[in-house]
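Following: one structure in structure tokens, then a few remarks.
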Amino acid sequence: MAQVFSLPRLSAADFGDALINPDLGTPEGAVGPDGFPDVQRFNVYRNNVIVSLCEALGETYPSVKALLGEEYFAALARAFIAEHRPSNPVLIWYGEEFASFLAAFPPLKAYPYLEDVARLEWAWLQSYHAKDCEVFDPAALASIPPADLGGVRFRRHPATAIVASEWPIWDLVRVNRFKDGEQSQIDLSVAQPVLIVRPEFDVDVRILEPSHAAFGVAIFSGASLGEAAETALEVDSGFTLADCLSNFLSNGALAGLQIKEPA
Amino acid sequence: MRSDKQPVSAFCTPAAVPRRPGAGLKAEHVADILQSRPDIGFFEVHAENYMGAGGRPHQQLTAIRDVYPLSLHGVGLSIGGESPLDKDHLGRLAELNKRYEPGLFSEHLAWSTHETTYYNDLLPVPYDQATLTRVCDHIDEVQHVMGRQMLLENPSTYIAYAQSTISELDFLKEITRRTGCGLLLDVNNVYVSCTNQEQSPAAYLAEFPMQCVGELHLGGHAPDIDEAGRPLLIDAHDRAVDDAVWALYKNVIEMHGALPTLIEWDNDVPAWPILLREADAAQEILICAQDADLKAVS
Ligand SMILES: [Fe+2]
């Protein structure tokens, strides 16, 4: 039996494309009670998708949102979403590329610190959700002969991160995300590399001396204490290992150690 | 394969969700809840919010689960999708199920992922034979991997597919018959969808396979109109439950008895006491129905 006419068959691919790209119009197969397409009805889905993803980005990047204002942020988020559709239903993992997107967005050239603010907020979120882990107990260091200390390598606590920056990123986040302080008091000439830690459940952000930041980056990429101290001394000749290590230890940035390099 | 050993629960509270009201758990309410220990039947969480490795969300959920039964509600599995289920995502659901021993597990008759894009909305599915087969295969897979029965929630819809050949009710009934899954009856979704499709919510509910229902949902919707000026209700979960939905709920409870009933309020989330008040309103309806039952028996 030949069909007199065929009903428009709407695939998930076409439905999805029409969601993201309104220029494609309302799909013929998605109809109201009279059997005809209705743009308002289809727009409910379009709106749900875009608005919910904009909100997800806004929750991950509240400082960027506050710095740019609601309207600008919404437009920017839409542009980001068009380039980076989420692929995973777990939205706490969505938006990692937002920092580099900001850096490459020509109209924001005059605000070069936005990229690093976004990197700090992404790192904050990763820390918040990181695996639970005991912090390293400094007492364990007492059993290491002083001569062996230089060869010690630490394991990073899973919730620890360092965000290097030439900009006052902590001040920008403190004021815009945590509503602590005044925008007008922020000195954009100050560099604030930060250490992010979460010894238990609360994320803490600490401003690091540039040499301490260099030290941290080095030990977290596998350098021994001795190697990391050399790197830090290149940044600041006044660097002292004892002060720096106690800074990392007291903030709960470390999870454990490997005592010796393989011979 | 079945183990002879009973799982030893790490929690003080039994897993089973009682036939009482519950509330959607919001992070901002947890401290208040743990401090005031409200008399409420259970809490329901969106599974995707607890898929991080650790930290505060899991600490909060563990503390809540210790004193309340839990219902685990997935919003991103895309059971109605054309693509195969995301095995990793299903694995994460199974892990949460094992860790928190929820009394109920539910997901939606909807899709959200196609190929590599996740659309972050509960999108409608066409009601035809091909979709029916696929949805049943997906539910079989979910129930197999999770090792438990799931409840499938009826959707809120704004459009219908011109290609649909089966009614939503027949579609749901056939799914339960083929897969043995239960249903989560969202009364607000019924009201929203039936209004949007110009059908009678009461007639829909009269035909609903209530023997399969393990849980009810109640939530708020936002009124709008479509291009043709017809009423268009949006399942916004951003306000109190509408009077019309309360009336339908009362009817369902009077006809079929008490069921676990969740108040969903996910956007513009109010202070905890206001959400609790909604749950108390549901409790009153449940108690009235039980009193009437007792009178009928004696
Ligand atoms: Fe629902």
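The values are calculated or read from the model by the stated rules, or taken from the named source; none is laboratory data. Since this is a predicted model, take the numbers as computed values, not measurements. FYI the Cβ positions are ideal-geometry reconstructions off the backbone, even for glycines, and counts take in every protein chain you see. In case anyone asks, the SASA skips ligands and DNA or RNA and just uses the protein heavy atoms, side chains included. Shrake-Rupley method; radii C 1.70, N 1.55, O 1.52, S 1.80 Å.
A few comments on the model shown:
- For chain B, projected area of the alpha-carbon convex hull averaged over all directions, nm²: 17.0 nm²
- Taking trypsin sites (Lys or Arg not before Pro) across region B:126-213, the ones in a DSSP loop with at most 14 further Cβ atoms lying within 10 angstrom of their Cβ are B:ARG148.
- Straight-distance crosslink candidates among aspartates and glutamates, where the alpha carbon sits under 19 Å from B:LYS295 and sequence neighbours closer than 8 are dropped: B:GLU254, B:GLU284
- Net charge of neighbours whose Cβ lies under 15 Å from the Cβ of A:GLU96, counting Lys and Arg as +1 and Asp and Glu as -1: -4
- Under 13 Å, Cβ to Cβ, from B:HIS138 - net charge with Lys/Arg +1 and Asp/Glu -1: -3
- Loop-located trypsin sites (Lys or Arg not before Pro) across region A:139-197 with a Cβ neighbour count of 13 or fewer within 10 Å are A:LYS179, with loop assigned by DSSP.
- Here's the picture: charge each Lys and Arg Cβ at +1 and each Asp and Glu Cβ at -1 in the protein assembly as shown, and of A:THR60, B:SER9, B:ALA258 the one pushed furthest to the positive end of that dipole is B:SER9.
- Mean residue ellipticity, 222 nm, helices only, chain A: the sum of -39500 (n - 2.57) across DSSP H runs of n ≥ 4, divided by residue count and rounded to 500, is -13500 deg cm²/dmol.
- Computed label-point distance, nm, for sites B:HIS46 and A:ALA139 using a 7 Å Cα→Cβ extension: 4.4 nm
- Accessible surface of the protein assembly as shown, 1.4 Å probe, proportion on carbon and sulfur as whole %: 52 percent
- Whole-Å semi-axes of region B:1-158's equivalent ellipsoid (Cα gyration tensor): 28, 18, 15
- Ordering B:LYS98, B:LYS26, B:LYS87 by accessible surface, largest first, gives B:LYS98, B:LYS87, B:LYS26; the 1.4 Å probe counts only protein heavy atoms, with every chain in place.
- Estimated translational diffusion coefficient (Stokes-Einstein, Kirkwood radius over Cα pairs, 25 °C, 0.890 mPa s) of region A:132-263: 157 µm² per second.
- Nearest-10 value in Å² for the accessible area of B:ASP170, using the 1.4 Å probe: 80 Å²
- Neighbour-limited loop hits for GluC sites (Glu not before Pro), region A:73-181 (at most 13 other Cβ within 10 Å; DSSP other than H, G, I, E, B): A:GLU134
- Paramagnetic label zone (point 7 Å from Cα along Cα-to-C-beta, B:LEU34; backbone N under 19 Å) in region B:61-75: B:61-71
- Largest-first ordering by accessible area, 1.4 Å probe, given options A:PHE80, A:PHE239: A:PHE239, A:PHE80
- Charge dipole magnitude, Cβ of K and R +1, D and E -1 - chain A, Cα centre, debye nearest 20: 480 debye
- Unsatisfied cross-links (Cα-Cα over 27 Å) in the set B:LYS98/B:LYS173; B:LYS26/B:LYS173; A:LYS131/B:LYS98; B:LYS26/B:LYS98: B:LYS98/B:LYS173; B:LYS26/B:LYS173
- Calculated [222 nm] ellipticity per residue, helices only, for chain B: -13000 deg cm²/dmol; basis is -39500 (n - 2.57) per DSSP H run with n ≥ 4, divided by all residues, nearest 500.
- Couplings for region A:54-71, taken from phi via the Karplus curve 6.51 cos²θ - 1.76 cosθ + 1.60 with θ = phi - 60°, read 4, 5, 4, 5, x, 6, 7, 10, x, 5, 4, 4, 5, 5, 8, x, 3, 5 Hz in order; Gly and Pro are left as x.
- Under the span-like rule (Cα at least 24 Å along the axis, Kyte-Doolittle mean at least 0.0), DSSP H helices of chain B: B:272-297
- The protein assembly as shown: translational diffusion in µm²/s, Stokes-Einstein, Kirkwood Rh over Cα pairs, 4 °C, 1.567 mPa s: 49 µm²/s
- Residues of type lysines that A:LYS65 reaches as a straight line, Cα spacing below 17 Å, ignoring anything fewer than 8 places off in the same chain: A:LYS109, A:LYS179
- Taking only the Cα atoms of region A:11-111, the radius of gyration and Dmax are 15.7, 52 Å.
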